Amino acid sequence: MNRKRVRLGILCGGGPAPGINSVISAATIEAINSGWQVLGIVDGFQHLIDGSTDHVHPLSITDVSRIHVQGGSILYTTRANPTVRDENAADPDWRMNNCRKALQELGIEALVTIGGDDTAYSAQRLAESAGGSIRVAHVPKTIDDDLPLPGGIPTFGFETARSFGVDIVNNLMTDAMTTKRWYFVVAMGRSAGHLAVGIGKAAGVTISVIAEEFPKNEPIRLGHLTDILETAMLKRVAHGRPFGVAMMSEGLALRFPEEDLTKAMPEIERDEYGHIRLAELHLHRLMTSMVKRRFEERGQKVTIEAKNIGYELRCAAPIPFDIEYTRDLGFGAIDYLRRLYAEGRDDPGAMITRQEGDIVPLPFGSFTDPDTGRPRVREVNVKSGSYRVATEYMIRLEQEDLEDQEKLEAIAAAARMSPDDFRKRYGYLVAARA
């Protein structure tokens, strides 16, 4: 084995995820045990973009030996992006060039990056810019579980986020039952609804609604989502249980037509181009307002509390699954880089994955859609047996509710409508899911 003394840098980018510190710990320990020197780079690419080498400090085994059980990141994390070009500057790629120069000034020859799609792309571009002088291993992470990892394995941090999310929602379920109220809960997941379904299924919530259940490439009408939630609640009323928890994925809001939002929220904040600021669209509050209005129009009182969970989950202490998983990934990153030096290879870099117990480096771009140039998104497969099981335990308006006269009359009475009027008004929901 080549015992070349390599100087390794480690940095984190993007949002937090449980298990980051475990990757840092495993990578640092294995690198030092290989005779390497390890430098922790603080705040991701942020200071490197400025050309600064001041926000870097050595990492020792003592520094990292117990951090694998901690949430957060001892190196912190930012979304600073060195791939952004400045077309009006003398050097449009000054951000990337500053990063490369700063790393070279620090004597860093190998780099482990921990982050999502954007950080992976930045790592790839940095490796290309360095022309082989800096070898890169990227460890992909996101609590959204939307990266298409081989074999369906979750992204690290997801299982911890789901576990803590289930604890929160279980408490909300108990509170809903105790106080006869509803909770509308939105879970993180702009591109995929894995967290909403995963939490909802494990906690046994009343209903989980995700963007993937609606026709692809079509807008999701705000009224349609309102109808789904309203009828689930009416069905619970008919059952004599006027309470529950409804989970939603935040990605639903990205597909609402602008005219629907303008009508529902005339005062919503807009940017300088007149576009609605999605960051100001709080889905849990919006849907609470929409559904409460429906009940109020019928002269009915209902208590609905809006809750968003996500930030509470990102820095949770990792559960054993994610600790073991991320120790494998951190070790795998160093093992990959070590083999590059031992074999004299000039690979541009790789993403580190675990497949059926083995650590498998994948070339950069393995998750990229060649048609769009963007990373492919692993959405919830609504045709899968697992998703079918999730829906079987939800309370939703079903075909049987419309065909069984006794059931129809009970739900229609809860809505203060005749059975025929109820069927005409809400029957499309059943047809849309067929």
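The values are calculated or read from the model by the stated rules, or taken from the named source; none is laboratory data. No experiment lies behind these values; they were computed from the predicted model shown. Backbone-built Cβ (ideal geometry, glycine too); neighbour counts: all protein chains shown. Remember, those area values only see protein heavy atoms, side chains included, never the ligands or the DNA or RNA. Shrake-Rupley method; radii C 1.70, N 1.55, O 1.52, S 1.80 Å.
Length gained on full extension, HIS282 to ASP421, computed as 0.36 nm times the residue gap minus the Cα-Cα distance: 46.8 nm.
For ARG345 and ARG255, a Förster radius of 51 Å and the Cβ-Cβ distance give a FRET efficiency of 0.70, rounded to the nearest 0.05. Using a ≥ b ≥ c from the Cα gyration tensor of the stretch 277-368 (square roots of the eigenvalues), is it rounded, prolate or oblate, where a/c under 1.5 gives rounded and otherwise the larger of a/b and b/c decides, a/b for prolate? In terms of gyration-tensor shape, prolate.
Derived scalar couplings between HN and Hα for the stretch 366-373 equal 5, 9, 8, 7, x, 6, 9, x Hz in order, rounded to whole Hz, by the Karplus curve 6.51 cos²θ - 1.76 cosθ + 1.60 (θ = phi - 60°), x for Gly and Pro. Counting only other residues whose beta carbon sits under 13 Å from that of GLY13, what net charge do I get with K and R as +1, D and E as -1? Local net charge: 0. In summary, the convex hull built on the alpha carbon positions of the stretch 308-361 has an orientation-averaged projected area of 5.3 nm². In sequence order, the stretch 289-300 has phi-based couplings of 5, 5, 6, 4, 4, 4, 5, 5, 5, 9, x, 10 Hz under the Karplus curve 6.51 cos²θ - 1.76 cosθ + 1.60, θ = phi - 60°, and Gly or Pro positions carry x. Rounded to the nearest 5, the antiparallel percentage of DSSP beta bridges internal to the chain is 25%. Of (i) 43, 29, 21; (ii) 48, 22, 18; (iii) 34, 25, 20, which is the value of semi-axes √(5λ) of the Cα gyration tensor in Å derived from the coordinates here? After the calculation, the listed value that fits is (ii). The angle between the Cα long axis of helix 194-203 and the main principal axis of the chain comes to about 60°, on a 0 to 90 degree scale.
Under a 5 Å amide H cut-off, with hydrogens placed 1.01 Å from N, SER208 pairs with MET247 among residues at least 5 apart or on other chains. Residue by residue, the stretch 22-30 carries 3J(HN,Hα) couplings of 5, 5, 4, 4, 4, 5, 5, 4, 5 Hz when phi is fed to the Karplus relation 6.51 cos²θ - 1.76 cosθ + 1.60 (θ = phi - 60°); x denotes Gly or Pro. Accessible area per residue (1.4 Å probe, heavy atoms of protein chains only) ranks ARG388, ARG376 as ARG388, ARG376, with the largest value leading.
Taking amide H positions as modeled 1.01 Å from N, with prolines and chain starts lacking one, no residue 5 or more places away or on another chain lies under 5 Å from SER191.
For the chain, find the longest principal axis of its Cα atoms and tell me its angle to the long axis of helix 222-238, 0 to 90°, nearest 10. So the helix axis and the longest Cα principal axis differ by about 60 degrees.
A cut-off under 10 angstrom between Cβ atoms defines the neighbours of MET417, and their net charge, with Lys, Arg +1 and Asp, Glu -1, is +3. Modelled spin-label separation between GLU392 and THR179, with each label point placed 7 Å from Cα along the Cα-to-Cβ direction: 3.4 nm. The equivalent ellipsoid of the stretch 390-434 has semi-axes of 18, 12, 9 Å, largest first, where each one is the square root of 5 times an eigenvalue of the Cα gyration tensor. Within the shell of other residues whose beta carbon sits under 15 angstrom from the beta carbon of GLY157, the net charge comes to -3, with Lys and Arg scored +1 and Asp and Glu -1. Counted over the stretch 16-161, the DSSP beta bridges are approximately 30% antiparallel.
Annotation: amide H-H contacts under 5 Å for ILE304 (H modelled 1.01 Å from N, sequence separation of 5 or more, or interchain): TRP182.
The sum of -39500 (n - 2.57) across all DSSP H runs of n ≥ 4, divided by the residue count of the chain, sets its helix-only mean residue ellipticity at 222 nm to -13000 deg cm²/dmol.
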